[in-house]
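The values are calculated or read from the model by the stated rules, or taken from the named source; none is laboratory data. Since the model is a prediction, treat every value here as computed from it, not as a measurement. Glycine gets a Cβ as well: all are built from the backbone with ideal geometry, and neighbour counts include every protein chain shown. These area figures cover heavy atoms from the full protein model, side chains too; ligands, DNA and RNA do not enter into them. Shrake-Rupley method; radii C 1.70, N 1.55, O 1.52, S 1.80 Å.
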Amino acid sequence: MFEQMEFDRNPHLGIYGRANDDVIFLRKNLTKKTKSKIARTLNVKIVELNIAESSIIGSLLAINSYGAVITNSAEQETIDMIEETGLDVFVIQDKHNAAGNNILVNDKGALVHPDIRRYNIKQMEKVFGVPVKTGTIAGLKTVGMAAVVTNKGLLCHPKVEEREREELESLFDTDVMVGTINHGVPLIGSGLIANSNGAIVGKLTTGIEMGRIEEALGFL
(Lines give C-alpha, C1' and ligand atoms only; values in the text may rest on other atoms or scores of the structure.)
Protein backbone atom coordinates (compact mmCIF):
# COMPACT_ATOMS: atom_id res chain seq x y z
CA MET A 1 0.00 0.00 0.00
CA PHE A 2 1.03 3.58 -0.54
CA GLU A 3 -0.04 6.81 1.14
CA GLN A 4 0.85 10.49 0.78
CA MET A 5 0.62 12.56 3.95
CA GLU A 6 2.19 15.20 6.15
CA PHE A 7 2.68 15.52 9.88
CA ASP A 8 1.32 18.87 11.11
CA ARG A 9 1.85 20.30 7.59
CA ASN A 10 5.40 18.95 7.50
CA PRO A 11 6.20 16.64 4.54
CA HIS A 12 9.51 15.40 6.00
CA LEU A 13 8.00 12.25 7.46
CA GLY A 14 11.20 10.23 7.60
CA ILE A 15 12.59 12.41 10.35
CA TYR A 16 9.72 11.49 12.67
CA GLY A 17 9.38 7.72 12.37
CA ARG A 18 11.24 4.45 11.85
CA ALA A 19 9.61 1.18 10.76
CA ASN A 20 10.34 -2.49 10.19
CA ASP A 21 7.78 -5.04 8.93
CA ASP A 22 6.06 -5.34 12.32
CA VAL A 23 6.24 -2.01 14.16
CA ILE A 24 6.71 1.70 13.62
CA PHE A 25 8.25 3.93 16.28
CA LEU A 26 6.60 7.27 15.78
CA ARG A 27 6.63 10.77 17.21
CA LYS A 28 3.85 11.61 19.64
CA ASN A 29 0.77 13.80 19.15
CA LEU A 30 -0.26 12.87 15.62
CA THR A 31 -4.01 12.70 14.97
CA LYS A 32 -5.92 9.46 15.36
CA LYS A 33 -6.78 9.58 11.63
CA THR A 34 -3.11 9.95 10.64
CA LYS A 35 -2.04 7.08 12.89
CA SER A 36 -4.79 4.86 11.52
CA LYS A 37 -3.60 5.52 7.95
CA ILE A 38 0.01 4.74 8.89
CA ALA A 39 -0.90 1.49 10.67
CA ARG A 40 -3.06 0.36 7.75
CA THR A 41 -0.59 1.32 5.00
CA LEU A 42 2.47 -0.28 6.61
CA ASN A 43 0.50 -3.06 8.36
CA VAL A 44 2.32 -2.39 11.63
CA LYS A 45 1.77 -1.76 15.30
CA ILE A 46 2.40 1.87 16.31
CA VAL A 47 4.56 2.72 19.30
CA GLU A 48 4.64 6.44 20.11
CA LEU A 49 7.68 7.79 21.90
CA ASN A 50 10.21 10.59 22.28
CA ILE A 51 13.95 10.08 22.17
CA ALA A 52 16.07 12.41 24.29
CA GLU A 53 12.94 14.57 24.71
CA SER A 54 12.83 14.97 20.93
CA SER A 55 10.29 14.00 18.27
CA ILE A 56 12.87 13.27 15.53
CA ILE A 57 12.61 9.49 15.97
CA GLY A 58 13.72 8.75 12.43
CA SER A 59 16.98 10.61 12.87
CA LEU A 60 17.91 9.04 16.20
CA LEU A 61 16.89 5.39 15.74
CA ALA A 62 17.71 2.62 13.22
CA ILE A 63 15.93 -0.77 13.21
CA ASN A 64 15.52 -4.00 11.31
CA SER A 65 13.49 -7.11 12.24
CA TYR A 66 16.00 -8.18 14.89
CA GLY A 67 17.34 -5.14 16.66
CA ALA A 68 17.58 -1.40 17.15
CA VAL A 69 20.43 1.09 17.50
CA ILE A 70 19.64 4.31 19.30
CA THR A 71 21.36 7.58 20.16
CA ASN A 72 23.35 7.65 23.40
CA SER A 73 21.14 10.37 24.86
CA ALA A 74 18.06 8.12 24.88
CA GLU A 75 16.18 7.69 28.14
CA GLN A 76 15.97 4.25 29.77
CA GLU A 77 12.18 4.40 29.55
CA THR A 78 12.43 4.74 25.76
CA ILE A 79 14.90 1.87 25.51
CA ASP A 80 12.53 -0.30 27.58
CA MET A 81 9.62 0.54 25.25
CA ILE A 82 11.62 -0.59 22.22
CA GLU A 83 12.76 -3.79 23.93
CA GLU A 84 9.15 -4.59 24.81
CA THR A 85 8.47 -5.03 21.07
CA GLY A 86 10.99 -7.89 21.01
CA LEU A 87 13.95 -6.01 19.56
CA ASP A 88 17.46 -6.08 21.02
CA VAL A 89 18.73 -2.54 21.62
CA PHE A 90 22.25 -1.15 21.40
CA VAL A 91 22.96 2.39 22.61
CA ILE A 92 25.62 3.70 20.24
CA GLN A 93 28.81 4.93 21.92
CA ASP A 94 30.06 7.38 19.34
CA LYS A 95 30.05 11.08 18.54
CA HIS A 96 28.18 10.11 15.35
CA ASN A 97 25.23 8.92 17.42
CA ALA A 98 22.23 10.11 15.36
CA ALA A 99 21.62 6.47 14.47
CA GLY A 100 18.81 7.02 11.97
CA ASN A 101 20.84 9.53 10.00
CA ASN A 102 24.00 7.42 10.01
CA ILE A 103 22.75 3.83 9.56
CA LEU A 104 20.95 2.19 6.62
CA VAL A 105 19.77 -1.33 7.48
CA ASN A 106 17.49 -4.16 6.41
CA ASP A 107 17.44 -7.86 7.30
CA LYS A 108 20.41 -8.67 5.04
CA GLY A 109 22.96 -5.98 5.87
CA ALA A 110 23.76 -2.53 7.21
CA LEU A 111 25.74 0.42 5.85
CA VAL A 112 27.00 2.97 8.35
CA HIS A 113 28.76 6.33 8.50
CA PRO A 114 32.44 5.68 7.65
CA ASP A 115 33.74 7.41 10.79
CA ILE A 116 31.81 5.30 13.31
CA ARG A 117 34.19 3.45 15.62
CA ARG A 118 34.89 -0.26 15.19
CA TYR A 119 33.52 -1.13 18.65
CA ASN A 120 30.09 0.18 17.63
CA ILE A 121 30.15 -1.69 14.34
CA LYS A 122 30.83 -4.98 16.15
CA GLN A 123 27.91 -4.33 18.53
CA MET A 124 25.63 -3.43 15.63
CA GLU A 125 26.42 -6.75 13.94
CA LYS A 126 25.27 -8.55 17.09
CA VAL A 127 22.07 -6.52 17.51
CA PHE A 128 21.03 -6.37 13.84
CA GLY A 129 22.20 -9.92 13.13
CA VAL A 130 23.66 -8.87 9.76
CA PRO A 131 27.02 -7.84 8.28
CA VAL A 132 27.78 -4.14 8.88
CA LYS A 133 29.99 -2.17 6.50
CA THR A 134 31.06 1.46 6.36
CA GLY A 135 30.52 3.56 3.26
CA THR A 136 28.88 6.50 1.55
CA ILE A 137 26.00 7.18 -0.82
CA ALA A 138 26.55 9.94 -3.39
CA GLY A 139 29.62 10.77 -1.32
CA LEU A 140 27.43 11.47 1.72
CA LYS A 141 28.33 9.92 5.07
CA THR A 142 24.78 10.28 6.43
CA VAL A 143 23.69 7.12 4.63
CA GLY A 144 20.47 6.76 6.64
CA MET A 145 19.10 9.92 5.07
CA ALA A 146 20.57 9.33 1.59
CA ALA A 147 18.45 6.22 0.99
CA VAL A 148 15.59 4.02 2.18
CA VAL A 149 15.95 0.23 2.11
CA THR A 150 13.44 -2.53 2.86
CA ASN A 151 13.69 -6.28 2.35
CA LYS A 152 12.22 -5.79 -1.13
CA GLY A 153 14.12 -2.82 -2.55
CA LEU A 154 16.32 0.24 -2.15
CA LEU A 155 15.80 3.82 -3.36
CA CYS A 156 18.70 6.23 -3.01
CA HIS A 157 20.13 9.65 -3.82
CA PRO A 158 20.27 10.23 -7.61
CA LYS A 159 23.99 11.03 -7.53
CA VAL A 160 25.01 7.63 -6.17
CA GLU A 161 28.29 6.51 -7.72
CA GLU A 162 28.48 3.24 -9.66
CA ARG A 163 30.92 1.74 -7.14
CA GLU A 164 28.56 2.66 -4.29
CA ARG A 165 25.59 1.19 -6.15
CA GLU A 166 27.36 -2.14 -6.61
CA GLU A 167 28.25 -2.24 -2.91
CA LEU A 168 24.64 -1.47 -1.95
CA GLU A 169 23.27 -4.23 -4.17
CA SER A 170 25.71 -6.74 -2.73
CA LEU A 171 25.25 -5.76 0.91
CA PHE A 172 21.46 -5.49 0.94
CA ASP A 173 20.81 -8.27 -1.59
CA THR A 174 18.37 -6.12 -3.54
CA ASP A 175 18.13 -4.01 -6.65
CA VAL A 176 19.04 -0.33 -6.28
CA MET A 177 17.15 2.52 -7.93
CA VAL A 178 17.62 6.27 -7.73
CA GLY A 179 15.00 8.93 -7.19
CA THR A 180 13.85 11.93 -5.17
CA ILE A 181 10.97 12.78 -2.82
CA ASN A 182 8.94 15.89 -1.98
CA HIS A 183 9.35 17.50 -5.41
CA GLY A 184 13.06 17.03 -5.97
CA VAL A 185 14.60 16.40 -2.54
CA PRO A 186 17.45 13.87 -3.00
CA LEU A 187 17.65 12.86 0.68
CA ILE A 188 15.18 10.01 0.37
CA GLY A 189 15.23 9.13 4.06
CA SER A 190 13.95 12.56 5.05
CA GLY A 191 10.57 12.14 3.38
CA LEU A 192 9.83 8.42 3.13
CA ILE A 193 9.04 5.68 5.66
CA ALA A 194 8.70 2.21 4.17
CA ASN A 195 8.73 -1.51 4.88
CA SER A 196 7.92 -4.63 2.86
CA ASN A 197 4.19 -3.96 3.24
CA GLY A 198 3.93 -0.36 2.08
CA ALA A 199 5.21 3.19 2.19
CA ILE A 200 4.20 6.62 3.41
CA VAL A 201 5.69 9.63 1.67
CA GLY A 202 5.60 13.41 2.04
CA LYS A 203 2.67 15.21 0.48
CA LEU A 204 4.88 17.28 -1.86
CA THR A 205 6.03 14.10 -3.64
CA THR A 206 5.05 14.15 -7.32
CA GLY A 207 3.34 11.41 -9.29
CA ILE A 208 6.53 10.64 -11.17
CA GLU A 209 8.46 10.37 -7.88
CA MET A 210 5.78 8.09 -6.42
CA GLY A 211 5.95 5.81 -9.44
CA ARG A 212 9.69 5.53 -8.93
CA ILE A 213 9.25 4.72 -5.24
CA GLU A 214 6.65 2.05 -5.96
CA GLU A 215 8.90 0.42 -8.56
CA ALA A 216 12.06 0.61 -6.41
CA LEU A 217 10.39 -0.86 -3.31
CA GLY A 218 8.51 -3.61 -5.13
CA PHE A 219 4.92 -2.38 -4.87
CA LEU A 220 4.06 -2.54 -8.58
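Tabulated results
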| quantity | calculated |
| --- | --- |
| Heavy-atom accessible area ranking, 1.4 Å probe, most first, across H157, H12 | H12, H157 |
| Max mean-square fluctuation residue, GNM over the chain, Cα-Cα springs under 10 Å, options K126, K203, K33 | K33 |
| Extreme residue, positive dipole direction of segment 34-140, given options A99, I51, L111 (C-beta unit charges) | L111 |
| R40 - accessible surface, heavy atoms, 1.4 Å probe, Å² rounded to 10 | 120 Å² |
| Dipole magnitude (debye, nearest 20) for segment 1-58, charges at Cβ of Lys, Arg, Asp, Glu | 220 debye |
| Rounded accessible area per residue of segment 89-207, 1.4 Å, Å² | 39 Å² |
| Share, in percent, of DSSP beta bridges within the chain that are antiparallel, nearest 5 | 50 percent |
| Whole-percent pair-distance distribution, where bins are 5 Å wide, for the alpha carbons of segment 137-220 | 3, 18, 30, 27, 16, 5, 0 |
| Kirkwood Rh and Cα Rg combined as Rg/Rh, the chain | 0.93 |
| Surface/4 estimate of mean projected area, convex hull on alpha-carbon atoms of segment 1-83, nm² | 5.1 nm² |
